[in-house]
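Report on the following structure.
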């Protein structure tokens, strides 16, 4: 019995993974809706009732699975080994840019998804989805922090990514140049912040002290 249930769950997961990108591709016309699920099901040759059952959780289920599909594609295309020769800021930039490229042409899907995710009743789940993507990006970038930095880095990156998407959906510049410039500025700002924070959090005996410096001038070592 358990084997049958597990198989059914895997089958539904597979259906969702196949359907979600198709729903996103058609979101400009049908939105994140049952009509969108039916359209995607017809395109994929899947029974419409089965497809509707797979997304019985509604809009957030569709969006969640779509974002998870982008996560999976990013991880496959940019494994940690491939990024290891880059500087940290370059790794993060490459990962975010992959996601932007994957969403190119789907601006309306992104716009409506962000609006749905911003609803108060979706806040907790939206935060979990954003955290999941940010966590994956940092892990792909080789981050192994387990202290407070683990949380601060992911929170900052989730904020950068969301802000970048807000620019992306209305960016009419050639090759989304304005979006990429915005992303570069935000990443550079975070890198400067991380360096400054690291200096401030160093042990006291490792930080520069004007009193200690003057003391050494007055009483030089033997």
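A few comments on the model shown:
- For 122, 180, order by how many other beta-carbon atoms lie within 10 Å, fewest first: 122, 180
- Under the criterion of Cα pairs below 8 Å and six or more residues apart, the relative contact order for the stretch 2-127 equals 27 percent.
- The stretch 93-146: proportion of alpha-carbon pairs further apart than 17 angstrom, %: 51 percent
- When 29, 182, 168 are arranged by Cβ crowding within 10 Å, least crowded first, meaning fewest neighbours, the order is 29, 182, 168.
- Its Cα gyration tensor gives the stretch 1-131 an equivalent ellipsoid, and the semi-axes of that ellipsoid, as √(5λ) in whole Å with the largest first, are 27, 19, 15.
- Label-to-label distance, residue 48 versus residue 118, with points set 7 angstrom from Cα along the beta-carbon direction: 3.2 nm.
- Extended-chain gain in nm, criterion 0.36 nm per residue less alpha-carbon gap, residue 108 and residue 17: 30.8 nm
Rule-based calculations on the coordinates, nothing more; no lab input. These numbers were taken from a predicted model, which means no experiment stands behind them. Positions of Cβ are backbone-derived with ideal geometry, glycine not excepted, and every protein chain shown enters the neighbour counts.
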